[in-house]
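*Asks:* Dumping the structure here so I can ask a few things about it.
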């Protein structure tokens, strides 16, 4: 069963590395290419050392890579109920249990929520456990039946990674994904 996901893991890692290569200078001594402006009106060049970039959905790639690493190690089963791994009170409306496969494929049935997706500068970020467990969105579709984009699904997947690995999610991604891919400046 997992062999079907091995190509997916390779694609996800390739996308992660491609995004790093696209932002890298051609030679180490060259400045990074000016592909974007920090302020378009003022024509201020983007400086990745000074400007924080909102990563948005590209952050789902390291979440998925982390999940698939744990699956490959035999620590997670894509088709086991996520409640086997985390104690989360979800307002489920169907008998079909939510699995990691549902979370990764946006088919867990959750109504999408943009809470905590884009925060104003200086805003406090909620801890992952709180974001995954406090006031989760409503489940509106039976798992596995309707693709419905879900930011929360990936938050929950990251929380499962944190719980199963026994490490804070940020630390796991740093050591097991970014460092292994040579992405020393990724956060």
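*Asks:* Using 0.36 nm per residue, how much length does the chain from residue 148 to residue 111 gain when fully extended, once their Cα-Cα distance is taken away? Could the numbers behind the result be given before it?
*Replies:* Numbers: separation 37, 0.36 × 37 = 13.32 nm, distance 0.74 nm.
Taking residue 148 through residue 111 to full extension adds about 12.6 nm, to one decimal.
*Asks:* Need one word for the stretch 62-187: rounded, prolate or oblate. Basis is the Cα gyration tensor (sqrt eigenvalues a ≥ b ≥ c); a/c below 1.5 gives rounded, then a/b vs b/c decides. Could the numbers behind the result be given before it?
*Replies:* On the way: a/c = 1.87, a/b = 1.25, b/c = 1.50.
It is oblate, given that a/c is not under 1.5 and a/b is not larger than b/c.
*Asks:* Output the peptides 103-112, 84-93 sorted from most to least packed, where packing is the average of other Cβ atoms within 10 Å over each peptide's residues.
*Replies:* Numbers: 103-112: 21.3, 84-93: 13.8.
So the peptides 103-112, 84-93, ranked by packing, come out 103-112, 84-93.
*Asks:* Same structure again: What length, rounded to one decimal in nm, is gained on full extension from residue 135 through to residue 50, with 0.36 nm per residue of separation minus their alpha-carbon distance? Show your work: numbers first, answer last.
*Replies:* Working: separation 85, 0.36 × 85 = 30.60 nm, distance 3.45 nm.
Computed gain between residue 135 and residue 50 is 27.2 nm.
Bear in mind that the values in this text are calculations on the coordinates, not laboratory data. This is a predicted model, so every value here is computed, not measured. Cβ: placed from backbone, ideal geometry, glycine included. Neighbour counts: every protein chain shown.
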